[in-house]
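Structure first, then comments.
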Ligand code: M6R
């Protein structure tokens, strides 16, 4: 949460930072600010989004830092927006993360005569640097001494009005360095500077970086200078643009066929799955007794579908836990437990902490991640990357289906090692998967019916989503999408659970979206639909193409092509994503940046 960017080089730093902040706005968008060095520190801060701002009014500069905020401590006000500046006006800081002991540090600094202008946890950072400098330390030493006082998580960039450099520190919050030709960037995420360079240094926790005419990195825990590799990222800058689409969410929904093609490319070979490199040995996979999937939000929903896939194919028991619960419940796991961590961003704080917890108990961690070099990938024993490309819309769409593709492949991979199914069966499973992109394209062609359904129901206040088996997590995901982008209250349930409570809500104002495809639970779910209709509920069914009879028990039918039980979620989630999108559009919501949300949840 929060986007940070800094630039040092020959370009106008204020322009680079302003542009970079626009690319990072998906990380937080309640307020923004820039501090620029030219004849002292000049600061601009504003409440609201940066997207419409063409000029921050800061003129020319060679060093600048900027921040787009997702509020944690203190309301959405100009004074709480970053950058924060020391009392003497000489140090400016941007920060992502949470300083847990900020209150104690404020008390200490107040006693030393400091006055605070904001309610944030961040303001103690420049004040501490100033405090140590007043006691005789250099800027660099004061920065180090300040870090020793902090408890919590941070990515920090600091500048000093008297020095031609940026200082950067990282602990459990994402930050990367971009290396151009005699110019340097520092940002929460690569797209912020991808226009200028694709050469990146991923820094580690407890690294301090000095960006001057070169990049020097020291790790405070190791107590010495360290070399970090420069890697070339093969992101395409066009992926970070909306192109012909009105919103990133819609673009990303439409990118799903290609995202799946990419994710399975080179990994399917007849009846076999082969990962490009895989650090977990066959012997290890053969000996795994239990899989525990950890994730948050949409990735957690993918995890539940993954449970069905891995259990059905690999025949290993799988549990799915929220990362936030797993990390604190002293989970019973050991070296025979494979923990699978799913994260689009690779920076979700709870998932990162859960990975550390799993590793401390001797489990191996395999991550499913979309961002190369992200913290989750680096903390894991092995990573299978989804190749969905940059996902910018806050509501996750193509990352979800790409995660499903990896979990499906992994299920087959486990099956071939553990010999749980014969070749023909696995070949058939993979053929279903390979057909998915084309079938997704067909679903996208049915957009008109979905728009009509959205137009009919966009004023409703509540909605229920039901599904069974592999489509029960799809129902959860459909409800989450609607909540996130349209602010309509929606609940997802396994369909049979309806009778145990939610049925009380059903009346003629309640739309119930039912995933009722012709899989193993088709007959059962039809009975659930009858129960809804008997109580006057409005039934929107997602059904299998060619199922004409379903019309008799539907107010609206949205069709998807026929596939296997395990592969249906790839297709059934798409009408639900589109329904949420179009309802939000009719309601004139801010689809790509819904209120209160941020793309990457880097705080607990
Ligand atoms: O980056 P991650 O996959 O770890 O993120 C997890 C959730 O924060 C994320 O899926 C969130 O629920 C999305 N906004 C859902 O659309």
DSSP beta bridges in the stretch 244-441, what fraction antiparallel, as a percent rounded to 5?
-> 10
Taking every pair of alpha-carbon atoms in the stretch 263-317, what share in percent sits in each 5 Å bin, from 0 to the bin with the longest distance?
-> 4, 14, 18, 25, 27, 11, 1
Going by the alpha-carbon gyration tensor, a ≥ b ≥ c the square roots of its eigenvalues, is the stretch 51-136 rounded (a/c under 1.5) or, if a/c is not under 1.5, prolate (a/b greater than b/c) versus oblate?
-> oblate
Assign one of three labels to the stretch 244-441, namely rounded, prolate or oblate, based on the Cα gyration tensor with a ≥ b ≥ c the square roots of its eigenvalues; rounded applies when a/c is under 1.5, prolate when it is not and a/b is larger than b/c, and oblate otherwise.
-> oblate
So for 592, 334, fewest C-beta neighbours within 10 Å to most, what's the order?
-> 334, 592
Which stretch or stretches of the stretch 389-430 have amide N atoms under 18 Å from the point lying 7 Å from residue 261's Cα along the Cα→Cβ direction?
-> 389-390, 398-399, 401-403, 405-406
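If r is the Cβ-Cβ distance from residue 101 to residue 55 and R0 is 41 Å, what FRET efficiency results, to the nearest 0.05?
Numbers: r = 38 Å, r/R0 = 0.94.
Step by step, r from the Cβ atoms, then E = 0.60.
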Antiparallel DSSP bridges in the chain: what percent, to the nearest 5?
-> 60
Measure nothing fancy, just the Cα-based angle from helix 349-360's long axis to the longest principal axis of the chain, in degrees from 0 to 90, nearest 10.
-> 80
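How high is the relative contact order of the chain? Use alpha-carbon pairs under 8 Å, at least six apart in sequence, and give a whole percent.
Details: 1380 pairs, mean separation 71.3, N = 604.
RCO, the chain: 12 percent.
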Between residue 434 and residue 221, what FRET efficiency follows from the Cβ-Cβ distance if R0 is 30 Å, with the result rounded to 0.05?
-> 0.05
Can you work out D for the stretch 447-586 in µm² s⁻¹ from Stokes-Einstein, where Rh is the Kirkwood radius over C-alpha pairs, the temperature is 37 °C and the viscosity is 0.692 mPa s?
-> 228
Helix 398-418 vs. the chain, principal-axis angle (Cα, 0 to 90°, nearest 10) = 70
Fully extended contour minus Cα-Cα distance, from residue 590 to residue 325, at 0.36 nm per residue | 92.3 nm
Reduced to Cα centres, the span from the stretch 542-604 to the stretch 255-323 in Å works out to 23
Order of 67, 247 from fewest to most other C-beta atoms within 10 Å?
-> 247, 67
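Would you mind calculating the gained length between residue 244 and residue 148 on full extension (0.36 nm times residue separation, minus the Cα-Cα distance), in nm to one decimal? Can you show the working numbers first?
Details: separation 96, 0.36 × 96 = 34.56 nm, distance 4.86 nm.
Net length gain for the segment: 29.7 nm.
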Compute the FRET efficiency between residue 425 and residue 39 as 1/(1 + (r/R0)^6), taking r as their Cβ-Cβ distance and R0 = 60 Å, and round to the nearest 0.05.
-> 0.25
Least to most buried among 579, 148, 105, 280, by other C-beta atoms within 10 Å and fewest first, runs 148, 280, 105, 579
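To the nearest 500 deg cm²/dmol, what mean residue ellipticity at 222 nm is calculated for the chain from DSSP H runs of n ≥ 4 alone, each contributing -39,500 (n - 2.57), summed and divided by the residues?
One gets -10500 deg cm²/dmol as the mean residue ellipticity at 222 nm.
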Percentage relative contact order, the stretch 2-239, counting C-alpha pairs under 8 Å, at least six apart | 19
How would you classify the chain from its alpha-carbon gyration tensor, with a ≥ b ≥ c the square roots of the eigenvalues: rounded for a/c under 1.5, else prolate if a/b is greater than b/c, otherwise oblate?
-> prolate
If you average the sequence gap of Cα pairs under 8 Å that are 6 or more apart and divide by the length of the stretch 447-586, what percent do you get for the contact order?
-> 31
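Any read-out appearing in this document is the output of simple, stated calculations on the displayed coordinates, not a laboratory observation. What you see is a predicted model, and the numbers here were worked out from it, not measured in a lab. For neighbour counting, all protein chains shown are included, and Cβ atoms are generated from backbone atoms with ideal geometry for every residue, glycine included.
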